[in-house]
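Heads up, the thing below is written out as structure tokens.
The values are calculated or read from the model by the stated rules, or taken from the named source; none is laboratory data. From a predicted model like this one, the values you see are computed outputs, not experimental measurements. All Cβ positions, glycine included, derive from the backbone under ideal geometry; neighbour counts span all protein chains shown.
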């Protein structure tokens, strides 16, 4: 592991990504510390431009709420949704992919047809349908994003497991009578970690983008402020203050960029190690 | 010397004449008008639909019995004269001769009879209860229609604008299902414009009716209704001249005043008399805590209505004192109990009502719903949530789409507070009574009495007002009703909204009728670009 | 994506389909209807999870205060039948490609889709074409100058394009090109009505198409740039190419031919995978630009709980995705049958 980390740090792009991510986490942590009352308070006159009001360094929105408070608190929500949705998708995707790849045959066919079906429905449209049907809250948004994200991962895991199940490793484990579940969990999966980790990083980025898109369309949770919500709210007053959209929009872009850089870096670092073995 | 004086005088007169004619410009025939539609209509029959996008198009294709100027004086349209019997239970309309439907057939009293008894009468949500009084429409000859009513309906003569009391062709609609008749998508009317084309998702086009009964009109050759779903796009479109009219406050309100100040545009709030909408915060009276008037009155003090008017409605309107809009001068009064913005008083009243703060500072919890229309009600919900949190009422906002919201408020009734609004129309008997009348509590049917407010005195006031024709007597009853509404507070009235229209200055006569952009537009003309 | 098969066999690429490859294709074709069936059932259940139905919406819009009316409406629309019956009826109708009537719009679903689909297809095809060619060019350029400043700039640009949400990009483009410069129209597909020449109409549509196309396509430009870059790099690092370059020669033709072979496969596969996400992106772009396509129609349909319309659109887009992916598979198999049998 330390080898991978060292390789990662030597990669300048990955370093930039890590730095930005660190900043985002810092924002998330500092949010409740700097603005304990939350992002919803109306602190001053509406539509103040950044720099116009000392109390609100990034300006205020249509109802006089502090944009900086929104960005800091929003980072927690966006991160939470991104991580939780990805975690859920990982659980589902890895399980289905591993079972499908390991056991093959009819199980594989059935699971893959199901995966096909879910993948065939345009993902964003499916997310919209789910969120609208089941009332938009943070939980349902996480659920919807997880539902559209797991199929890709399942295929990836399946391909890896397919490759690994023919190896000598697994053959010898079977010979000594190890149970299937143990083989999958202790022998097969740990050797697939590399692509799963890389995928995870990309999936968090894509979850954040999807959440932003849903909030933009007015399908966010009305009781929390996320970056996507801020873009959605600012959109209706675009001509009056484009900073309302550009500031949270830049935050989204930076976070997604950072995650992609990290994913790329991880890919390089991990693959080199694989090639060595 | 004399000739010098004479020639100067003539020159002065000529100059004066030129200046005068520049002011009183004569209408010019020809040209096209483009109107921005915020949503694509589902069909074009305004008799069965009260949405803006249907009304604005249908109003040009059909005609009504009468028109109304900005002071609500009735003017002839399909009816050339009318006459109310002394007991108020019969109204006779004399109909215009020589009017033809767009398919060439003659307009007759049979069309009026159909429209009132089977068309908009039973089907238009706004004026159903007003016209439910009509027992029959007699048609002694093709140009006379006589309404026979069970009781006098004072508001009926105020309920006849074209986009509501739409006169439909009996020969096309009678004995068919009005909801699925294909003419809903290709309408045949008697109005100044004919339906020509519907490019789905894009635009609806209507063209001048060459057989329109007002000679020389309409002036316009064509009106194009462009579907522009995005608020910002609409503002940009009217600014750049791509569209001429953005109506019913469908440009960003924060942008509207800036747009109105541009040299090529103007902003007006005229022509929305039949809208007269009041935004409010309504309570579910069945709720154990909110069912108590003291609690409601306490909460009223926690809301700064001026803030909502200025920052959510951008100053377009006035602070409301009751669900009756101040524009309805014949009925409105502000001499009613009011609740000044005072957070401490709110807390004090809640303490007195025995809802003290618990150990965690919370008095009780609340869920806030709001009508998913535009973003003002969502913003109001957020604002109110903040205010309530500060006085110890732990509030949460809930988003629903339209279908869920309708079901929740009127059928499931699992709600506490709802941010919504009420369209008064042109008379409280039409728009307001239905919301507070105890006889209009119908679970499962939308836009009936949603709060389940019951008050015998209020019922009596409204019932009397709807049956009596004397304006002074009606006013007395309406004042009584407003006092009760302001005391019992089934809703906390917030803002009496003024809708606005942003129009390119090249368009003339766009808002000189009480129904403004929803009227026929036969008088509208445009200056060439 | 090719699915399982377990025998190893070698067939020279470029020959006619071998027996195992043919069997594979036939299997895929046979399984497609099954997949479609699962899709239909899934969609049906998701949509019926909803509280509130289209009868509420229609009643709401008519501001109708009549319980009888609502009840009759539900009966007319078949909404009062038991769930299983509705599902069965639904599947039966789908089989006959009878997508029914859109409850909230009173028009046949097929007609509505047919009306709006071309606009979306135009947008998608133009966006992906832009992405393909721009991405190929940029990727090639970056690879040939690997390690230089140009390469870095292109890579950073690609990352930026990848990270920018399409709707933000759309808004940004509008701010610059409509609000500031007034060069391009900000909404709709065409502004010309009445009689005008074919040429005028096309030019008008083209003007309206520029910004939405770029907003939708830039994300895919990034993907293709990276794909092309790594494909070209792989070719360049071959020994004989390196030798040639060391000698000062730049054998572009050879690079091109080998790259084409190397890159075409992943690029084409990527195309197949992106149809679904393109449709999703189209919803956002169509919303921002008021583009009259089925993306926006789908969004509105979901809000109006117009189940037949939503199902119709979902069905159609799934059909589209399936068709494209089968096509891709066919091309894939044709080009390299070995991969199929891994």
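Which of the residues belonging to the stretch B:129-159 are in contact with a strand residue (DSSP E or B) (Cβ under 9 Å, 6 or more places away or on another chain), surrounded by fewer than 24 Cβ atoms within 10 Å (Cβ to Cβ) and in a loop (DSSP other than H, G, I, E, B)?
Scanning the stretch B:129-159 gives B:133, B:142, B:143, B:150, B:152.
Give A:259, A:270, A:254 a once-over and let me know the one that is in a helix (DSSP H, G or I), within 13 Å of another protein chain (Cβ to nearest Cβ), surrounded by fewer than 24 Cβ atoms within 10 Å (Cβ to Cβ) and touching a residue at least 60 places away in the same chain (Cβ under 8 Å).
Result of the check over A:259, A:270, A:254: A:254.
Looking only at residues in the stretch B:223-240 that are touching a helix residue (DSSP H, G or I) at 6+ places or on another chain (Cβ under 8 Å) and within 7 Å of chain C (Cβ to nearest Cβ), which one is farthest from residue B:37 (Cα to Cα)?
B:240
Counting just the residues of the stretch B:381-396 that are part of a helix (DSSP H, G or I) and facing chain A (nearest Cβ under 10 Å), which one comes out surrounded by the fewest Cβ atoms within 10 Å (Cβ to Cβ)?
Among them, the one singled out is B:390.
Quick check: anything in the stretch B:513-521 assigned to a strand (DSSP E or B), in contact (Cβ under 8 Å) with a residue 60 or more places away in the chain and more than 17 Å from the chain's Cα centre (by Cα)?
Looking through the stretch B:513-521, none of the residues is assigned to a strand (DSSP E or B), in contact (Cβ under 8 Å) with a residue 60 or more places away in the chain and more than 17 Å from the chain's Cα centre (by Cα).
Residues in the stretch A:219-242: is at least one surrounded by fewer than 24 Cβ atoms within 10 Å (Cβ to Cβ), more than 12 Å from chain B (Cβ to nearest Cβ), assigned to a helix (DSSP H, G or I) and touching a helix residue (DSSP H, G or I) at 6+ places or on another chain (Cβ under 9 Å)?
no
Quick grid of which residues meet (1) more than 17 Å from residue B:518 (Cα to Cα); (2) in a helix (DSSP H, G or I); (3) touching a strand residue (DSSP E or B) at 6+ places or on another chain (Cβ under 8 Å):
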| residue | (1), (2), (3) |
| --- | --- |
| B:214 | yes, no, no |
| B:224 | no, no, yes |
| B:257 | yes, yes, yes |
| B:266 | yes, no, yes |
| B:273 | no, no, yes |
| B:281 | yes, no, yes |
| B:286 | yes, no, no |
| B:295 | yes, yes, no |
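Which residue, of B:411, B:399, is part of a helix (DSSP H, G or I) and at the interface with another protein chain (Cβ under 10 Å from one of its Cβ atoms)?
When all the criteria are applied, what remains is B:411.
What number of residues within the stretch C:264-275 are within 11 Å of chain A (Cβ to nearest Cβ) and within 14 Å of residue C:127 (Cβ to Cβ)?
2
Quick check, is residue B:100 at negative phi and within 14 Å of another protein chain (Cβ to nearest Cβ)? Full working, then the answer.
Working: at negative phi: yes; within 14 Å of another protein chain (Cβ to nearest Cβ): no.
Spelling it out, it is not the case that residue B:100 is at negative phi and within 14 Å of another protein chain (Cβ to nearest Cβ).
Within the stretch B:370-379, can one find any residue that is under 30 Å from residue B:478 (Cα atoms), in contact with a strand residue (DSSP E or B) (Cβ under 8 Å, 6 or more places away or on another chain) and within 14 Å of chain C (Cβ to nearest Cβ)?
yes
Taking the stretch B:245-264, which residues are without any contact (Cβ under 8 Å) to a residue 12 or more places away in the chain and within 10 Å of chain A (Cβ to nearest Cβ)?
B:258
Kindly indicate whether any position in the stretch C:215-228 is over 28 Å from residue C:147 (Cβ atoms), in contact with a helix residue (DSSP H, G or I) (Cβ under 6 Å, 6 or more places away or on another chain), free of Cβ contacts under 8 Å to residues at least 60 places away in the same chain and within 14 Å of chain A (Cβ to nearest Cβ).
Within the stretch C:215-228 (the criterion being over 28 Å from residue C:147 (Cβ atoms), in contact with a helix residue (DSSP H, G or I) (Cβ under 6 Å, 6 or more places away or on another chain), free of Cβ contacts under 8 Å to residues at least 60 places away in the same chain and within 14 Å of chain A (Cβ to nearest Cβ)), the answer is no, since none of the residues qualifies.
What tally of residues in the stretch B:121-151 results from selecting those that are in contact (Cβ under 8 Å) with a residue 60 or more places away in the chain and over 20 Å from residue B:81 (Cβ atoms)?
The qualifying residues number 9.
Restricting to the stretch C:156-178, and then to whatever is at pLDDT below 85 and at the interface with chain A (Cβ under 7 Å from one of its Cβ atoms), can you tell me which residue is surrounded by the most Cβ atoms within 10 Å (Cβ to Cβ)?
Once the filter is applied, the top-ranked residue is C:171.
Let me spell it out: the conditions are (1) under 19 Å from the mean Cα position of the chain (by Cα); (2) farther than 24 Å from residue C:320 by Cβ, and residue A:150 meets all of them except one. Which number is the exception?
(2)
Please list, ordered by first then second residue, the pairs with beta carbon atoms under 7 Å, 6 or more apart or interchain, first in the stretch B:176-192 and without any contact (Cβ under 8 Å) to a residue 40 or more places away in the chain, second part of a loop (DSSP other than H, G, I, E, B) and surrounded by fewer than 22 Cβ atoms within 10 Å (Cβ to Cβ).
The qualifying pairs are B:180/C:106.
Kindly indicate whether residue A:184 is more than 14 Å from every other protein chain (Cβ to nearest Cβ), part of a helix (DSSP H, G or I), farther than 30 Å from residue A:136 by Cβ and out of contact with any strand residue (DSSP E or B) (no Cβ under 7 Å at 6 or more places or on another chain).
Against the criterion (more than 14 Å from every other protein chain (Cβ to nearest Cβ), part of a helix (DSSP H, G or I), farther than 30 Å from residue A:136 by Cβ and out of contact with any strand residue (DSSP E or B) (no Cβ under 7 Å at 6 or more places or on another chain)), residue A:184 qualifies.
Taking the stretch C:185-204 as the region of interest, how many residues are under 27 Å from the mean Cα position of the chain (by Cα), surrounded by fewer than 20 Cβ atoms within 10 Å (Cβ to Cβ) and within 11 Å of chain B (Cβ to nearest Cβ)?
Our first condition is that a residue be under 27 Å from the mean Cα position of the chain (by Cα); within the stretch C:185-204, this holds for C:185-191, C:201-204.
Within this subset, residues satisfying the condition of being surrounded by fewer than 20 Cβ atoms within 10 Å (Cβ to Cβ) are C:191, C:201-204.
Now narrow it down to the ones that are within 11 Å of chain B (Cβ to nearest Cβ): C:191.
Within the stretch C:185-204, residues that are under 27 Å from the mean Cα position of the chain (by Cα), surrounded by fewer than 20 Cβ atoms within 10 Å (Cβ to Cβ) and within 11 Å of chain B (Cβ to nearest Cβ) number 1.
How many residues does the stretch B:195-210 hold that are assigned to a strand (DSSP E or B) and in contact with a helix residue (DSSP H, G or I) (Cβ under 7 Å, 6 or more places away or on another chain)?
3
Taking the stretch B:72-100, which residues are surrounded by fewer than 22 Cβ atoms within 10 Å (Cβ to Cβ), part of a loop (DSSP other than H, G, I, E, B) and touching a residue at least 40 places away in the same chain (Cβ under 8 Å)?
Across the stretch B:72-100, the qualifying residues are B:72, B:87, B:88, B:89, B:96, B:97, B:98, B:99.
Can you pull out the residues in the stretch A:131-155 that are surrounded by fewer than 20 Cβ atoms within 10 Å (Cβ to Cβ) and either more than 10 Å from every other protein chain (Cβ to nearest Cβ) or in a helix (DSSP H, G or I) (or both)?
Listed by number, the residues that qualify are A:138, A:139, A:140, A:143.
Can you tell me which of (1) part of a helix (DSSP H, G or I); (2) out of contact with any helix residue (DSSP H, G or I) (no Cβ under 6 Å at 6 or more places or on another chain); (3) farther than 30 Å from residue C:288 by Cβ is the one residue C:248 doesn't meet?
(1)
Please indicate, with yes or no, whether at least one residue in the stretch A:42-50 is touching a strand residue (DSSP E or B) at 6+ places or on another chain (Cβ under 7 Å), buried (at least 16 other Cβ atoms within 10 Å of the Cβ) and farther than 17 Å from residue A:247 by Cβ.
Yes: the stretch A:42-50 contains one or more residues that are touching a strand residue (DSSP E or B) at 6+ places or on another chain (Cβ under 7 Å), buried (at least 16 other Cβ atoms within 10 Å of the Cβ) and farther than 17 Å from residue A:247 by Cβ.
What residue, of C:275, C:268, is touching a residue at least 12 places away in the same chain (Cβ under 8 Å) and farther than 26 Å from residue C:113 by Cβ? Steps first, answer last, please.
Details: C:275 fails: farther than 26 Å from residue C:113 by Cβ.
Of C:275, C:268, the one residue that is touching a residue at least 12 places away in the same chain (Cβ under 8 Å) and farther than 26 Å from residue C:113 by Cβ is C:268.
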